[in-house]
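Just below is one structure, and these are the notes that go with it.
Taken together, the values in this text are just the output of simple stated rules run on the coordinates, not laboratory data. Quick caveat, the model's predicted, so the values are computed rather than measured. As a convention, Cβ positions derive from the backbone with ideal geometry for all residues, glycine included, and neighbour counts pool all protein chains shown.
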Amino acid sequence: MPVSKDIVKLAVEMPGRVAQFLDFNQRRPLPDIIAKLCDHWGLESPEEYALQYSDGSQAYITEKNRAEIKNGAILRLTTSPSKTVREILVLPTKDALMKLARGSSDTTFATEFVYRNGVPLLVDMVVEGTATGEALAYILTAFLQFMDHGILPWKQFSDDFIRKIIGYVLRSTPAEAMILQRSLAILECAILSSEDLYKAISAQITVEEITLHFKSPVPEVQLNAVALINALWLRSSKVKAREIGETLQFKYIRAVMLNYIIRGRREVSSEMAHQLHVLQVLMMNLNEDRMYTKINPSDTAHLEKLYELSHIAFGRDSDSEAFGSSSNPGGNARTQARKGRGVSDRAQLEFKKLGFSNLANPLMDFTKRPPGVLALDCIVYFAANYPDSFTRLVLENSCRQDNYVCPFARTSIDMTKLLCKMLKIGELPSETGTEYYPMLFTQESPLEELFCICIQLLNKTWREMRAMDEDYDKVMDVVREQMTLALSEKPDTMDRFRAILQELDYHQIIKILQDRRASMLETNTDLEPFCELREDKRPEVLDLVRKHRLNALVEGTIFNKVTTRRSKDKFWYCRLAPNHKCLHWGDVPDSAKPPLPVEMLPEMLPVSDIKGLAVGKECPHIMKEGKKEKKESLAPLAFSVLYDPDASLNFLAPNDYVYDLWTDGIRALLEQEMTSELAQKDMEILLGMEMKLALLDTEGIPVPNQPPPIPDDPTDYNFCCE
């Protein structure tokens, strides 16, 4: 008789009792099943007992989760959550609190404890200090479990309780690592769950005090310290967020984070990587306001920055000539701009050399958002902190022909925008993201430092590509690829990032892209777009192979003569007519060199008379061979052209290559499929080449229809090899 789907076969155990094998009926009420078990073991008050899993989560079995029980499960009969909670509330000893910490991981138990108003008891024990050491750690663990279940009434958290928890964070000793870790986690959850608790906590603890725990030898403490800072940052206003960011940019705090967390002895865990990802995004988002701030074209402060750029690039003498003598304020370009009289022709020339498009008012170039005023700030940072590199870059471009100039201002604006996109400035941290770049934690101004490196990379790549104005977008694509590859290696420092970029020059990027395309062809051949492209190219490639085989037949081949007694040095030659209508053959000496004219060949067979092709042992001349050994040796290279009435033209190819060429060619003449291994190989090679060509970016590149001419032979072959 088949077992009902509602029956689950399992075992139930109880300490000190013999385990029972049970047919657990899912349709039977759970209290009835527990009552039957209690009756079997002679236990009274079955309502004070419950079933829970014997291993794993040890979750209690309820009407809601009983359907999850599988065949072969092992359950345990234990005291019910309500009875256990009552015992804890009556006598909260250390052992009872340990039981509370373990049981709180189960939603049923935790809900029962909160329902019976157990939270105020724990709060009072913390505030009054009656619980210390392990007992306190158990209480804090229970609080975290309640928070995870989302059943904690936050209003029961008094100011005294918060103050006590903060005290554990500020004054914990290394021996109290569990208490410290739980306290940090509780503060994080409280901040993210309640605005009032955030205000209370942020008023009593500073980010600098939390960073002291970055040195903790316990990774969980480090993790919760970073998570608490992130929680404070996420809740804070823009002004407060900037203060937190400035605090974390202190050199000694960055050093501690790098040495104890990012470059510590232990590998960064996935949880810590997520917190570092969140911290990095929050740090980078400090640039968001500048990124979306549009420059006022009449702002003299910003215009002063542009004049300073020109001064750094072209020197004081150039500045005085371009903008007027300092002894004549009315003739100074800065003053002219303020008075609305514009700038001199010399000033406009220098703005042109700096790569601006609007020479009358270069500030107009910065009106795009993003990157807004952030682009100007990055350029000013580069010029102020790396004046030699800035000057060299500007002067190098000013010496090029107009159509080969890499426009510094335009590329700087687009580079800033690209960095904002790659670093996801303006986006919220990902809930599951673990991507972070260690080098960003090494600098006080990481975005600006990245800009200084990447703008020099762009100019170097422009030079390597010998780019012109119309190549601008292609250069930006190559630079984006260079930056992406360098960031993927997660360099520890800016210097290492710069070194990786130096290795990834333009020629290396081209090689990487070619290898990537080849790999795509190999690994993605089953994808529908690739299959469709291959099928589109197949008829064209098949026609190429067919033409090659017919051309091989037109050129002809010298074969050994097939006789009953094979004689040495007896050969015959066969070829296809240029119009592909007849096969011509005749005896020739071995010294003959194909192709021979058809007029020298006495025999002829019209292609229209060919009835078929026989290969191997099916060939008439192989079937007539008497000796088995000889038949076996000749068959692999033998083929015959059958024609009317029952005659055949018998061949014995000198090698496999000629055999495949001729059998494929004859099949092509008969409009049959070419089945040789050589044909399949040629098809794959040509298809692969066609796929690569189809995937190449050939826009704007003239592709000739004919191959380039073969160069003449050199005058001698005495080549010099160093």
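Out of all DSSP beta bridges with both ends in the chain, state the antiparallel percent to the nearest 5.
So the antiparallel bridges in the chain amount to around 90 percent.
If you line up the long axis of helix 506-523 against the longest principal axis of the chain, both from Cα atoms, how many degrees apart are they, to the nearest 10?
On a 0 to 90 degree scale, this one is about 80.
Treat the count of other C-beta atoms within 10 Å as a stand-in for reagent exposure and order W462, W154 from fewest to most.
In order of increasing Cβ crowding within 10 Å: W154, W462.
Out of (i) 1.56; (ii) 1.35; (iii) 1.28, which label holds the value of Cα Rg over 2.2 N^0.38 Å that was computed here?
(i)
Pairs to check: K593/K628; K353/K417; K368/K474; K215/K238; K353/K511. Give those whose C-alpha atoms are more than 31 Å from each other in this structure.
Pairs exceeding 31 Å: K593/K628; K353/K511.
How do D471, D515 rank when sorted from fewest to most other Cβ atoms within 10 Å of their own Cβ?
Ascending Cβ contact count within 10 Å gives the list D515, D471.
With the contact rule set at Cα under 8 Å and sequence spacing of 6 or more, what percent relative contact order holds for region 291-515?
Contact order relative to length: 18 percent.
From the residues A175, L121, L306, which one has its Cα farthest along the dipole of the chain in the positive direction, the dipole being from +1 and -1 charges on Cβ of Lys/Arg and Asp/Glu about the Cα centre?
L121
Relative contact order for the chain using alpha-carbon pairs under 8 Å, separation at least 6, rounded to a whole percent?
6
From the Cα gyration tensor of region 439-518, with a ≥ b ≥ c the square roots of its eigenvalues, which class applies: rounded if a/c is under 1.5, or else prolate if a/b is larger than b/c, or else oblate?
Oblate.
About the Cα centre of the chain, what is the dipole size in debye to 20, counting +1 per Lys and Arg Cβ and -1 per Asp and Glu Cβ, all else neutral?
So the magnitude is around 860 debye.
When DSSP assigns beta bridges and you keep just the ones with both residues in region 7-79, what percent turn out antiparallel, to the nearest 5?
80
How would you classify region 544-681 from its alpha-carbon gyration tensor, with a ≥ b ≥ c the square roots of the eigenvalues: rounded for a/c under 1.5, else prolate if a/b is greater than b/c, otherwise oblate?
The shape class here is rounded.
Calculate the FRET efficiency for N71 and D124 from the Cβ-Cβ distance with a Förster distance of 45 Å, rounded to the nearest 0.05.
It comes to 0.45.
Write out the trypsin sites (Lys or Arg not before Pro) in region 55-129 meeting two conditions: DSSP loop, and at most 14 other Cβ atoms within 10 Å of their Cβ.
K64, K70
Helix-only estimate, please: 222 nm mean residue ellipticity of the chain, summing -39500 (n - 2.57) across DSSP H runs of length 4 or more and dividing by its residues, to the nearest 500.
-16500 deg cm²/dmol
Determine the dipole magnitude for region 84-285: charges of +1 sit on the beta-carbon of Lys and Arg, -1 on that of Asp and Glu, nothing else is charged, the reference point is the Cα centre, and the result goes in debye to the nearest 20.
In total the dipole reaches around 520 debye.
Of T715, T211, T206, how do they rank once you tally other Cβ atoms within 10 Å and put the fewest first?
T715, T206, T211
Give me the angle, in degrees from 0 to 90, between the Cα long axis of helix 119-128 and the longest principal axis of the Cα atoms of the chain, rounded to the nearest 10.
Once rounded, one gets 70 degrees.
Listed highest first by mean packing, meaning other Cβ atoms within 10 Å per residue, what order do 212-218, 475-481 come in?
475-481, 212-218
Looking at I262, T62, Q275, which one has the Cα that reaches farthest to the positive end of the dipole of the chain (charges on Cβ: Lys, Arg +1; Asp, Glu -1)?
T62
Looking at L286, P15, V373, which one has the Cα that reaches farthest to the positive end of the dipole of the chain (charges on Cβ: Lys, Arg +1; Asp, Glu -1)?
P15
What whole number of Å gives the distance from the Cα centroid of region 54-75 to the Cα centroid of region 184-209?
When both Cα centres are located, 37 Å separates them.
Taking the 0 to 90 degree range and rounding to the nearest ten, how far is the long axis of helix 270-284 tilted relative to the main principal axis of the chain, both from C-alpha atoms?
On a 0 to 90 degree scale, this one is about 90.
Could you tell me which GluC sites (Glu not before Pro) in region 62-112 are loop residues by DSSP with no more than 12 other beta carbons within 10 angstrom of their beta carbon?
Those that pass, being in a loop and sparsely packed, are E63.
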